[in-house]
Amino acid sequence: MATSPHTAPARTGQQTRPAPAPSALSLDARLAAAEAAMTVRLEEAAVAHEVRTAHISTKPVDLADVITVPLTPTLQPQQLPATPVAALLERARARMEADGWCAGALTDESGAVCLLGAIRKEAGGDCGLEADAASVVLDAIRRRFGDHVESVPSFNDAHGTGRIPLRMLDQAVSLADARGL
C-alpha cells in the first residue's frame, strides 16, 4: 500500500483548540495583545540600538555645563533700558498697556492714553525728554510706514486699536537704546 504524501497527524488523547477569531476577542483583550506586541518590539529595538552603538565612546554630561540660562526667567528682575529716552518709552508702553489706548485725545474719560499722552504722563513735565521721545517714536513710525506720516498723534488716531501703536513704542525703545538717547 502506498502512503499519501499528505498524511494526517496522529491523534493524541488531547484535542487542540483553534485560536479564537480576532472578532471573538473583547476590546480589552485586543488592546492588551497590541500593547504586549508593541512592548516586545520596543524591547527588541532597544537591544538592537545598544548593539549598534556599543562601540561609540561617550562621557557623562554635566548639566551645569550645558544649561546656561536661568530656569525661571520670570523671576528675574526686568531690566529697563539704560538710556533716559528708551526708559521713558518703555514706561510709556507699560502705561498704555495698563491704562488702555485711546484715539482723538491725549487721555480719555476712562484714563486711557494715546501714544503722545503716555509719553507726556511718563515724562513728568520734562519737555526736552518728552520731545526727544516723541521724535524717536516718529522716526520709528516713518521707518516702518514711510515719510508721509506727519506726526505721532495723526499716526495714533489713524488706527482702530492700540496694537500697532504699542508695537511702535516697542520699536522706538530699541531705536532709542541703539542711538544712546
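For the range 89-181, which GluC sites (Glu not before Pro) are both in a DSSP coil and crowded by at most 13 other Cβ atoms within 10 Å?
Glu109, Glu150
Ignoring ligands and nucleic acids, what accessible area does His49 show with a 1.4 Å probe (Å², nearest 10)?
Here the residue's solvent-accessible area equals roughly 100 Å².
The values are calculated or read from the model by the stated rules, or taken from the named source; none is laboratory data. Note that the structure is a prediction, hence the values are computed from the model and not measured. Because the Cβ atoms are built from the backbone with ideal geometry, glycine has one as well, and the counts that use them run over all protein chains shown. Quick note on the areas: whole protein, heavy atoms, side chains included, nothing else; ligands and nucleic acids left out. Shrake-Rupley method; radii C 1.70, N 1.55, O 1.52, S 1.80 Å.
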